[in-house]
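Peer 1: Before I ask anything, let me first share the structure, which is written out below as structure tokens.
The values are calculated or read from the model by the stated rules, or taken from the named source; none is laboratory data. For clarity, every value in this text was computed on a predicted model and none was experimentally measured. Here the Cβ positions follow ideal geometry from the backbone for every residue, glycine too, while neighbour counts run over all protein chains shown.
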Amino acid sequence: MTAGDIVLEARDVSVHFGGLKAVDGMDIEVRRSSVTGLMGPNGAGKTTFFNTLSGHQETVSGVVSLEGEDVTHLAAHARAKLGIARTFQLGGLVDDLTVLENVALGVDHFGRIAGNSVGRQETRARARKWVETFGLGDVVDRIGGDLGAGLRRKAEIARTLAAGAHVVLLDEPAAGLSKAEREDLTVTLREIAEQGKAVLVTDHSTDFLFASADEVVVMNFGTYLFEGTPEEVQKHPDVIRAYLGGGPDA
């Protein structure tokens with residue numbers, strides 16, 4: 001797959017909590033039609049950095065840009081209107097609603113933030129399109145509470161995209177999934193990228209990241225360490241020292 005233009009970019013982003021530099025001069029480029037992985041040891045600052053990109057954490061310095069426009073000081077809900085979404089923003093699936101109804105919540109959310117809400121019939125039609133896109137047609141009428149972890153995760157991502165996201169930030173999407181479910185999720189992420197979306201994902205499972213991502217950005221102690229293909233990352237001596245060979249999987 002050939003990566004497209006830069007959609008989401010951070011330059012020299014820093015976040016401090018008192019004297020602690022949780023993120024210190026961090027850079028990243030997330031491209032259209034591509035899956036970018038973000039990895040690093042426990043305490044590397046991945047979640048805090050994710051929060052700066054989605055608008056859930058203010059920065060001390062640096063710039064976050066979407067499609068070339070500065071969004072550094074926009075709150076999370078304002079960035080969501082522009083198409084940046086994290087799966088947790090709409091919460092987990094509603095256990096008492098069907099898969100179709102859950103995804104329809106995303107369609108309705110997009111209509112409200114975009115100011116062009118549609119009727120119930122059209123909402124369900126659009127939701128069904130996303131359900132089919134994610135291969136959830138066989139469980140469309142099952143309630144969320146009856147789904148296994150893998151299907152729940154796919155339904156959550158479908159709802160996020162139904163809410164109008166073109167930049168998708170996934171924090172630990174493979175958590176709790178079996179090996180087969182992780183492999184299925186990898187296929188799903190590749191399909192999302194092929195639709196022209198930009199995907200940024202971080203996860204405890206390095207195997208999942210390496211299988212899913214076109215490029216992987218490595219953090220250590222809040223700073224940028226290295227960026228490359230999964231193959232390059234696994235061979236880089238600094239990454240091996242900081243992460244793969246001598247620390248917990250995070």
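Peer 1: Among the residues in segment 16-38, are any without any contact (Cβ under 8 Å) to a residue 24 or more places away in the chain, in the same structural domain as D238 (by TED's automatic domain parsing) and at positive phi? Working first, answer last.
Peer 2: Pass one, segment 16-38, residues without any contact (Cβ under 8 Å) to a residue 24 or more places away in the chain: 17-20, 29.
Imposing the further condition that a residue be in the same structural domain as D238 (by TED's automatic domain parsing) reduces the set to 17-20, 29.
The next check asks that each one be at positive phi; those that pass are 18.
For segment 16-38, residues without any contact (Cβ under 8 Å) to a residue 24 or more places away in the chain, in the same structural domain as D238 (by TED's automatic domain parsing) and at positive phi: present.
Peer 1: Any idea which residue in segment 190-211 is modelled with the lowest pLDDT, counting only those that are touching an Asp or Glu at 6+ places or on another chain (Cβ under 9 Å) and assigned to a loop (DSSP other than H, G, I, E, B)?
Peer 2: Taking the candidates together, the pick is H204.
Peer 1: Same structure again: Does H73 qualify as being closer than 25 Å to R152 by Cα and either of a type outside the set (G, A, S) or in the same structural domain as E9 (by TED's automatic domain parsing) (or both)? First the steps, then the outcome.
Peer 2: Working: closer than 25 Å to R152 by Cα: no; either of a type outside the set (G, A, S) or in the same structural domain as E9 (by TED's automatic domain parsing) (or both): yes.
No, not satisfied.
Peer 1: For segment 139-167, name all the residues that are within 18 Å of E181 (Cβ to Cβ) and surrounded by fewer than 19 Cβ atoms within 10 Å (Cβ to Cβ).
Peer 2: If the condition is that a residue be within 18 Å of E181 (Cβ to Cβ) and surrounded by fewer than 19 Cβ atoms within 10 Å (Cβ to Cβ), then R142, G145, D146, G148, A149 are the ones that fit.
Peer 1: So D249 ticks every box in (1) at pLDDT below 95; (2) assigned to a helix (DSSP H, G or I); (3) in the same structural domain as H56 (by TED's automatic domain parsing) but one. Which box is left unticked?
Peer 2: With respect to (1) at pLDDT below 95; (2) assigned to a helix (DSSP H, G or I); (3) in the same structural domain as H56 (by TED's automatic domain parsing), D249 is out only on (2).
Condition check ((1) farther than 29 Å from F17 by Cβ; (2) in contact with a Gly (Cβ under 6 Å, 6 or more places away or on another chain); (3) buried (at least 18 other Cβ atoms within 10 Å of the Cβ)) across all residues:
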position: T188; (1), (2), (3): yes, no, yes
position: D203; (1), (2), (3): no, no, yes
position: V216; (1), (2), (3): no, yes, yes
position: V239; (1), (2), (3): no, no, yes
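Peer 1: Let me ask something additional. Among the numbered criteria (1) modelled with pLDDT under 95; (2) in contact with a helix residue (DSSP H, G or I) (Cβ under 7 Å, 6 or more places away or on another chain); (3) of a type outside the set (A, V, I, L, M), which one does E122 miss?
Peer 2: Of everything listed in (1) modelled with pLDDT under 95; (2) in contact with a helix residue (DSSP H, G or I) (Cβ under 7 Å, 6 or more places away or on another chain); (3) of a type outside the set (A, V, I, L, M), E122 misses just condition (2).
Peer 1: Right, next: Out of contact with any helix residue (DSSP H, G or I) (no Cβ under 7 Å at 6 or more places or on another chain) and crowded, with 19+ Cβ neighbours inside 10 Å: does that describe A193? Before the answer, list the steps.
Peer 2: On the way: out of contact with any helix residue (DSSP H, G or I) (no Cβ under 7 Å at 6 or more places or on another chain): yes; crowded, with 19+ Cβ neighbours inside 10 Å: yes.
Criteria met by A193.
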